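Input: a single structure, listed below in structure tokens.
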Amino acid sequence: MSTGPRVLAVMAALGLVVACGFWPERERGPGLLYQGTELAGEAPDFRLVDQEGRAVALRDFRGRVVVLTFLDTRCDETCPLTAAELRRAHRMLGEDAGEVAFLGVNVNGVFNRQEDVQAFTVQHRLHEIGGWHFLTGAREGLEGVWKDYAIAVEAQPGEEDFLHTPGVFLIDQRGQLRRYLSVPLQPEGLATPWEGPGLAEALAGQVEALLP
């Protein structure tokens, strides 16, 4: 049975909204012990194409922890900051990084060619992450993944990039959803000071907790 509705219910309870450069009010100050939101149930499977033109399915990574995020190939605000945090988390994991797969799913249904995800990967140095796959496909296929993971995507008039729900999902070695992490990437601009960890620190800590 699809766990998409369960993911949607959890995300709705969090009060998450579409964002590309703007973070939900509820994510702004849970304190130093921020551990994300606990999830449960099987992660919805999908099959897309990565930046090298390889067909990739989520189930291919059973036995490894999966870091799953959603990025826009034309975003020049939040997504590059997310990419930098992913690279930093990968470095923080050290030798354990070999037990982790990093996946990004494209939220841009217009700039959705293999060349688009390859260009973003190179521009933001995501190829430095071992096991990185930036996945794309036909818009219909992408929309199915967005729906399963409760990712809201909204066009911006006159812009090439899309507003979308931020954050990172953690999936364990058995393909079970475990955590959703979303922290401000530009905390200095918040009305309420963020006292929690950066995304890289939160991500690395939660990944380590899933490793044997």
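All of the numbers you see were taken from the coordinates with simple rules; none came from a lab. These figures come from a predicted structure and were not determined experimentally. Because the Cβ atoms are built from the backbone with ideal geometry, glycine has one as well, and the counts that use them run over all protein chains shown.
The string of couplings for segment 148-157 from the Karplus curve (6.51, -1.76, 1.60, θ = phi - 60°) is 4, 9, 6, 8, 7, 10, 9, 5, 10, x Hz, one whole number per residue in order, with x for Gly and Pro.
How much net charge surrounds A204 when only the other residues with a Cβ under 11 Å from the Cβ of A204 are counted, with Lys and Arg +1 and Asp and Glu -1?
Working: positive: R88, R91; negative: E85, D96, E201, E208.
That works out to -2.
In order along segment 37-43, the phi-based Karplus estimate (6.51 cos²θ - 1.76 cosθ + 1.60, θ = phi - 60°) of 3J(HN,Hα) comes to 10, 6, 10, 8, x, 6, 5 Hz; Gly and Pro are listed as x. Annotation: amide H of G175 within the under-5 Å range of G63, sequence separation 5 or more or interchain, hydrogens built in the peptide plane.
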